[in-house]
Amino acid sequence: MKTKIVLFLFFIITAYFNSLIASNFNHNFLSKLNNPIDSIEYKINILLKKMTLQEKVGQMNQYNGFWEVTGPAPKDGNAKSKYEHLKMGLVGSVLNVKGVENVRKIQEIVVKESRLGIPLLFGFDVIHGYKTLSPIPLAEAASWDLTAIQKSARIAAIEASAVGINWTFAPMVDISRDARWGRVMEGAGEDPYLGSKIAAARVKGFQGTDLSANNTIAATAKHFAGYGFAESGKDYNTVDIGTSTLYNIVFPPFQAAVQSDVKTVMNSFNVINGIPSTANKFLQRDILKDKWSFKGFVISDWGSGAEMIDHGFAKDLKQVAKISANAGSDMDMESYAYVTYLKELVETGKVSIKVIDDAVKRILRVKFELGLFDDPYKYCNSKREKELIYHPDHLAAALDIAKKSIVLLKNNQQLLPLQKTQKNIAVIGALANEKNSPLGSWRIGSDDNSAVSVIEGLKKYTSNFVYAKGTDVTVGPVSFIQELNINETDKSEFNEAIELAKKSDVVIMVLGEHGFQTGEGRSRTKIDLPGVQQQLLEEVYKVNQNIVLVLMNGRPLAVTWADEHIPAIVEAWQLGTQSGNAIAEVLFGDYNPAGKIPMTFPRSIGQVPIYYNHYNTGRPGPKPEVFWSHYSDESTKPLYPFGYGLSYTKFEYSNLQINNSNPSAIKVSLTVKNIGSFTGEEVTQLYIHDRVASVVRPVKELKGFLKYSLKPNESKLVEFVLTNKELGFYNNNGEFIVEPGEFDVMIGTNSENGLTGSFIKK
Ligand code: BGC
């Protein structure tokens, strides 16, 4: 017994002195790294020399941390070792720890108790806001407003940094052409040109102009690469795409993010042409780090390393560690492969120390650039946390971009905007009363039910409406993690809605997808109105045709019946915190909608994938006989083309001029006039078509756009300059080439309508 007590005391005392030694060492050593005169590269090298192999590997390890910091342990089985690993310097970063108090506690363990005290990165999926939520990214892309998009990311960074987060796993810059894929909500749609501009705007918004400030955070361009091309739109599925698509469609937004100095890139779950991204040397080393000179680090996706065992690419975790590190995946998110095996792999010569040093330098660089060595607690200020969450400026900006994201899809007989004096309005649809669904699916930092519902938004304008739900969209609990159950049968509340519609002058129907019907793991084989909502719409239409359909959804929907019958359709996506306010302003004309869809809306699911920048094929048709590229039971045209969106006013396009005298700066201009009676914003879009090329070019490619506002009768000269950057393309060797020849040009209000001309490029 005595010996036990002595031993126990011995351990306690040793632990105490060890921690004192560590904290003194940290303090003295870290202060040497604060000298502002020394360059970051110099400091990285000093630090690297001090690090043991184990500590280096530790920097490459990221843990999920649903820590109950004040309580004993995380809920998962590795809780104890995770704590120990923090103290041993075996963790470079954690994700999902939020809140000033929690972040400080975890950071303190590392800074005070680990030998070198290298601060942690705190990563989080801040996708379209932290607490104050902007519209889902697909909706924001519909604004084509780069300033507003950048501001939205800026606000997300301000709120996230105020709760201790210094790194977001956004923006997702995956191009996708498949509305079945649930994650289309998280991207900027189908077009690489628009996608690149938005990628750059979002990176700038998150990272600001000074990454070392306490309100800017490191961004992540994800998922590298090809994740949006999952076969059949099924999440995590195989990706098999050709070189031309890879270079010309998938890569550009990533490259734009890198050019905007994005600090990290996340790889992806999928295999691409047979090789998982996480072990893909071509993607991570040859393209990203060598060709594009990316200086930041690559983070794996959640467990994407370990998933290579299921892919059939690695036999065990040890092999996972070897092939991922060698291929340039610098930090392992939740696979436990690096922390378990990387040291041994270096010691046995399977992974070179150069690989480790390169990865660690990249990770340390981001930490230095964030200023974490100067102050590891710089994001841990409870005063900022209190002041900045839901700050009125943030709510105002969220409202601004929510309005800008709304797309007017149809407006026959100018049913919209409604008069503020309009009497007898019926509001129908479960989504009209939703405060949760409009937040979308990627909102793990936000508060449930914090969106302004449509009903609440309308109340600010009128009390002349009566609400009837009509039907539920979902049945049972809704959550980020679980499969959603859709109401496919219960029509018991139809009658109440129909009776209400009968006695109303105008009916606002709010229908669509629940926020949790899109997002990760939420692919659909149907892209119509879920459940019995289509039936409800048709039943109400039988008694009152004066319907304004407000759609809420996270992907393009094939609302073909509605387009044929319903006079006014408003695309209102999931617009975030200010949802109902933005919709009400549009319905009552205080804001004139100007959004343009960033993804083609199909007529039916069978058309998917459908996208505007397709190739012509050898048989574009139409032809009288059947032998042309078409369907026998459906049009080849989309329901709404890419770039489409109406306004309460009308714009007239005239006087297209092309000047090709300088072959590397071809000037294209035209005049746009507001010929309607409302002030309105227009997004003028420029498309080109390279008629003959050494690699076949798409029928149209967006190469410029401009958003501006015109008063009634006001005109504007809109000018674009086409340089080699816009006129060239990547060949199948990945070389950017510019070929002389004949080009068609179209400038218009969407990808199908506009003035056309052509020019020869010498
Ligand atoms: C997603 C990533 C995300 C990560 C961390 C993964 O499931 O694919 O986009 O950043 O989880 O939450």
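The values are calculated or read from the model by the stated rules, or taken from the named source; none is laboratory data. Since we're looking at a predicted model, the values are computed, not measured. Cβ: placed from backbone, ideal geometry, glycine included. Neighbour counts: every protein chain shown. Note: accessible area is taken over every heavy atom of the protein model, side chains too, but ligands, DNA and RNA are not part of it. Shrake-Rupley method; radii C 1.70, N 1.55, O 1.52, S 1.80 Å.
Key figures for this structure:
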| read-out | value |
| --- | --- |
| Which listed residue, of Tyr615, Tyr644, Tyr687, Tyr631, is closer than 30 Å to Glu231 by Cβ and in contact with a Pro (Cβ under 8 Å, 6 or more places away or on another chain) | Tyr615 |
| Filter pass, Gly92 being surrounded by 16 or more Cβ atoms within 10 Å (Cβ to Cβ) and modelled with pLDDT of 95 or more | yes |
| Exclusive hit being open to solvent by less than 50 Å² (accessible area, probe 1.4 Å), away from the ligand (no atom under 16 Å from the Cβ) and in a loop (DSSP other than H, G, I, E, B), set Ala397, Ala314, Ala402, Ala321 | Ala314 |
| The listed residue being of a type outside the set (Ser, Thr, Tyr), within 34 Å of the chain's Cα centre (by Cα) and not in a loop (DSSP other than H, G, I, E, B), out of Val478, Val510, Val466 | Val510 |
| Residue tally, condition of a type in the set (D, E, K, R) and more than 14 Å from Ile428 (Cα to Cα), over the stretch 457-495 | 5 |
| Meets criteria (within 15 Å of the ligand (Cβ to nearest atom) and open to solvent by 30 Å² or more (accessible area, probe 1.4 Å)) for Tyr236 | yes |
| Residues of the stretch 621-647 that turn out to be in contact (Cβ under 8 Å) with a residue 60 or more places away in the chain and in a loop (DSSP other than H, G, I, E, B), as a count | 7 |
| Residue in the stretch 451-459 that is in the same structural domain as Asp528 (by TED's automatic domain parsing), surrounded by 12 or more Cβ atoms within 10 Å (Cβ to Cβ) and touching a Leu at 6+ places or on another chain (Cβ under 7 Å) present | yes |
| Per-region count, the stretch 180-213, residues open to solvent by 10 Å² or more (accessible area, probe 1.4 Å) and in contact with a strand residue (DSSP E or B) (Cβ under 6 Å, 6 or more places away or on another chain) | 1 |
| Residues (among the basic types (Lys, Arg), closer than 19 Å to Lys667 by Cα and open to solvent by less than 40 Å² (accessible area, probe 1.4 Å)) located in the stretch 678-720 | Lys703 |
| Residue among Ser260, Ser212, Ser196 that alone is at pLDDT 95 or above and within 15 Å of the chain's Cα centre (by Cα) | Ser196 |
| Test: Arg603 is open to solvent by 10 Å² or more (accessible area, probe 1.4 Å) and either among the hydrophobic types (A, V, I, L, M, F, W, C) or under 24 Å from Ile547 (Cβ atoms) (or both) | yes |
| Checklist (1) within 16 Å of the ligand (Cβ to nearest atom); (2) of a type outside the set (Lys, Arg); (3) in contact with a strand residue (DSSP E or B) (Cβ under 9 Å, 6 or more places away or on another chain); (4) not in a loop (DSSP other than H, G, I, E, B) applied to Gly303, failing item | (4) |
| Top-ranked residue of the stretch 118-153 - restricted to ones that are polar (S, T, N, Q) and surrounded by 24 or more Cβ atoms within 10 Å (Cβ to Cβ), ranked as farthest from the ligand (Cβ to nearest atom) | Ser143 |
| Subset of the stretch 328-345 [away from the ligand (no atom under 16 Å from the Cβ) and either surrounded by fewer than 22 Cβ atoms within 10 Å (Cβ to Cβ) or aromatic (Phe, Trp, Tyr) (or both)] | Tyr338, Thr340, Tyr341, Lys343, Glu344 |
| Answer residue from the stretch 649-682, given it is touching a helix residue (DSSP H, G or I) at 6+ places or on another chain (Cβ under 9 Å) and either assigned by TED's automatic domain parsing to the domain that holds Leu557 or not in a loop (DSSP other than H, G, I, E, B) (or both) and is farthest from Val586 (Cα to Cα) among those | Ile666 |
| Positions within the stretch 468-492 being free of Cβ contacts under 8 Å to residues at least 60 places away in the same chain and open to solvent by less than 60 Å² (accessible area, probe 1.4 Å), in sequence order | Ala468, Lys469, Asp472, Thr474, Gly476, Val478, Ser479, Leu484, Ile486, Asn487 |
| Hits in the stretch 31-88 - residues which are within 15 Å of Tyr336 (Cα to Cα), modelled with pLDDT under 85 and among the hydrophobic types (A, V, I, L, M, F, W, C) | Ala79 |
| Hey, His614 free of Cβ contacts under 8 Å to residues at least 12 places away in the same chain, closer than 28 Å to Ala693 by Cβ and open to solvent by 10 Å² or more (accessible area, probe 1.4 Å) or not | no |
| Out of Phe169, Phe254, Phe206, sole residue that is within 12 Å of the ligand (Cβ to nearest atom) and closer than 28 Å to Asp332 by Cβ | Phe169 |
| Filtered residues of the stretch 102-119 (kept if closer than 13 Å to Leu90 by Cβ and over 33 Å from the mean Cα position of the chain (by Cα)) | Glu113, Ser114, Arg115, Leu116 |
| Test: residue in the stretch 264-281 that is out of contact with any strand residue (DSSP E or B) (no Cβ under 6 Å at 6 or more places or on another chain), surrounded by 24 or more Cβ atoms within 10 Å (Cβ to Cβ), at pLDDT 95 or above and not in a loop (DSSP other than H, G, I, E, B) | yes |
| Index of the failed condition, Arg177 passing every other in (1) within 21 Å of Val258 (Cα to Cα); (2) open to solvent by 10 Å² or more (accessible area, probe 1.4 Å); (3) not in a helix (DSSP H, G or I) | (1) |
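Here's the yes/no breakdown for (1) open to solvent by 10 Å² or more (accessible area, probe 1.4 Å); (2) under 25 Å from Ala359 (Cβ atoms); (3) of a type in the set (Lys, Arg); (4) more than 14 Å from the ligand (Cβ to nearest atom):
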site: Thr220; (1), (2), (3), (4): no, yes, no, no
site: Glu231; (1), (2), (3), (4): yes, no, no, yes
site: Gly242; (1), (2), (3), (4): yes, no, no, yes
site: Ile249; (1), (2), (3), (4): yes, no, no, yes
site: Leu283; (1), (2), (3), (4): no, yes, no, yes
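Okay, residues lined up against (1) of a type in the set (Lys, Arg); (2) without any contact (Cβ under 8 Å) to a residue 24 or more places away in the chain; (3) closer than 19 Å to Met308 by Cα:
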residue: Ala219; (1), (2), (3): no, no, no
residue: Ala225; (1), (2), (3): no, no, yes
residue: Glu231; (1), (2), (3): no, yes, yes
residue: Tyr236; (1), (2), (3): no, no, yes
residue: Ile249; (1), (2), (3): no, no, no
residue: Val262; (1), (2), (3): no, no, no
residue: Asn267; (1), (2), (3): no, no, yes
residue: Asn280; (1), (2), (3): no, no, yes
